[in-house]
Amino acid sequence: MYPVGPAGRGRERRRRRIAQGERRHGVARMKMKEADGVADFKRPGELARRVTLRQLEIFSAVARTGGVTRASEALHLTQPTVSMQIRKLSQTIGADLFETVGRRLVLTPEGERLLQAAGDVFDRLDAFEEECRALSGEVKGRLRIAGVMSAKYFLPRLLGEFLREHPAIEPHFSVTNRARLIDRLRMGEDDLVIMGRVPTGLDVEAHPFLDNELVVVAPADHPLAGRQGVPLSEIARSRLLVREPGSGTRVVVDSLFAEAGLTFRPTMELGSAEAIKQAVLAGLGVSVLPRLNVAREVASGDLAILDVEGFPLHREWFAVHLGGRRLSPATRSFLEFLRVHAEPLLEGRAARSPAGRDLPHGGG
């Protein structure tokens with residue numbers, strides 16, 4: 001404390017001026033540092049601030065399905081909502097993203113570039129999500145699986161066994177017809193799709209994991225039950241129940257009879273393997289079905305597998321995803337589980353050697 005008086009008050013005023021100067025210099029230095037920090041921070045561009053992830057998701061769905069109707073169904077949104085978001089996105093970018101060709105929406109050059117950019121954004125976010133999960137050391141997260149109708153006979157059991165090993169995984173499983181499944185595959189709605197015939201015209205990777213034997217089945221009291229070496233021509237003359245045109249099983253049946261120079265007139269065309277099985281059980285005819293679909297009825301004696309020349313037909317079940325898609329840890333774990341455990345669990349066979357069941361790198 002300075003003594004009270006003119007000299008003391010003068011020294012006090014000088015001390016305060018010095019302190020105020022130091023504070024001003026300190027504030028100035030702080031502002032300079034803050035300015036440097038702002039200069040280092042890269043502000044996102046106008047599009048990054050105005051375009052939302054939801055808009056990019058809707059845009060990608062329309063681009064992959066070729067129309068607003070299918071995109072709205074896939075995303076569970078109304079068509080006006082989808083159309084409005086596409087219109088807003090187009091206005092934000094300042095260019096048309098689609099043009100109408102026939103009844104389909106086709107990407108413009110700007111739209112093609114935006115689709116690629118949107119894919120990059122989603123891939124990076126998916127990779128970040130995977131990295132966060134990997135830090136915990138536990139396999140968890142969503143696992144989205146879709147399959148053709150016949151997959152419901154075996155996939156729930158496989159999925160249940162897998163979840164016993166990885167209880168932290170959140171499964172989403174759905175079955176649908178082949179046409180809808182291909183749409184889902186094209187849009188990337190699922191991590192894996194399960195099918196017996198890999199689609200052409202799509203960049204996909206297909207992993208075979210299970211034999212899919214097709215057999216001729218009939219009611220247990222059918223006249224052909226118990227006979228050896230039934231000619232295929234006799235099946236062509238029988239009441240034959242078949243799947244709808246375009247289904248995987250129907251394509252195989254049509255090809256088999258065509259190669260043998262035979263024609264047949266279907267007694268019934270039904271839209272699912274379950275409907276056909278029930279029709280055979282009711283004594284309406286014979287059919288070609290996957291062995292896995294009828295295993296219980298054959299074991300119980302309600303159905304018989306006929307010994308027909310050229311049967312059983314050997315096909316495979318595939319787990320399919322888009323080519324180049326980054327697979328989550330949960331998806332990779334499930335693929336490996338299918339490769340190792342599917343056949344032993346469903347058919348009681350010894351596991352094949354890993355060398356004989358390597359996962360292929362290419363698609364079908």
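Listed values, structure above:
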read-out: Subset of the range 94-117 (residues that are surrounded by 11 or more Cβ atoms within 10 Å (Cβ to Cβ), farther than 15 Å from GLN55 by Cβ and not polar (S, T, N, Q)); value: ASP96, GLU99, ARG104, LEU105, VAL106, LEU107, GLU112, ARG113
read-out: Qualifying residue in the range 302-315 (condition: surrounded by 15 or more Cβ atoms within 10 Å (Cβ to Cβ), under 21 Å from ALA146 (Cα atoms) and either touching a His at 6+ places or on another chain (Cβ under 9 Å) or at pLDDT below 90 (or both)); value: yes
read-out: Test for GLN91: is it surrounded by fewer than 18 Cβ atoms within 10 Å (Cβ to Cβ), within 20 Å of the chain's Cα centre (by Cα), polar (S, T, N, Q) and not assigned by TED's automatic domain parsing to the domain that holds GLY188; value: no
read-out: Residue check, PRO199 in contact with a Leu (Cβ under 9 Å, 6 or more places away or on another chain) and either assigned to a loop (DSSP other than H, G, I, E, B) or buried (at least 21 other Cβ atoms within 10 Å of the Cβ) (or both); value: yes
read-out: Yes/no for GLU110 being of a type in the set (Asp, Glu), more than 17 Å from the chain's Cα centre (by Cα) and modelled with pLDDT under 90; value: no
read-out: GLY324 being within 33 Å of the chain's Cα centre (by Cα) and either free of Cβ contacts under 8 Å to residues at least 40 places away in the same chain or on the phi > 0 side of the Ramachandran plot (or both); value: yes
read-out: Condition check for VAL280: closer than 20 Å to TRP317 by Cβ and outside the structural domain of ARG332 (by TED's automatic domain parsing); value: no
read-out: Pairs with Cβ under 8 Å, 6+ apart, first in the range 89-117 and in a loop (DSSP other than H, G, I, E, B), second among the aromatic types (Phe, Trp, Tyr); value: LEU97/PHE59; THR108/PHE98
read-out: Strands (runs of 3 or more DSSP E) completely within the range 208-315 that count 1 or more residues being touching a residue at least 40 places away in the same chain (Cβ under 8 Å) and among the small types (Gly, Ala, Ser); value: 286-290, 303-306
read-out: Extreme residue, farthest from PHE122 (Cα to Cα), among residues of the range 49-85 that are buried (at least 17 other Cβ atoms within 10 Å of the Cβ) and of a type in the set (Ser, Thr, Tyr); value: SER72
read-out: Qualifying residue in the range 135-151 (condition: in contact with a Gly (Cβ under 8 Å, 6 or more places away or on another chain), surrounded by fewer than 19 Cβ atoms within 10 Å (Cβ to Cβ) and of a type in the set (Lys, Arg)); value: no
read-out: Within the range 231-266, considering residues that are more than 27 Å from LEU181 (Cα to Cα) and β-branched (Val, Ile, Thr), the one surrounded by the most Cβ atoms within 10 Å (Cβ to Cβ); value: ILE235
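The values are calculated or read from the model by the stated rules, or taken from the named source; none is laboratory data. All figures in this text were calculated on a predicted structure; none of them were measured in a lab. Neighbour counts run over all protein chains shown; Cβ positions are idealised from the backbone, glycine included.
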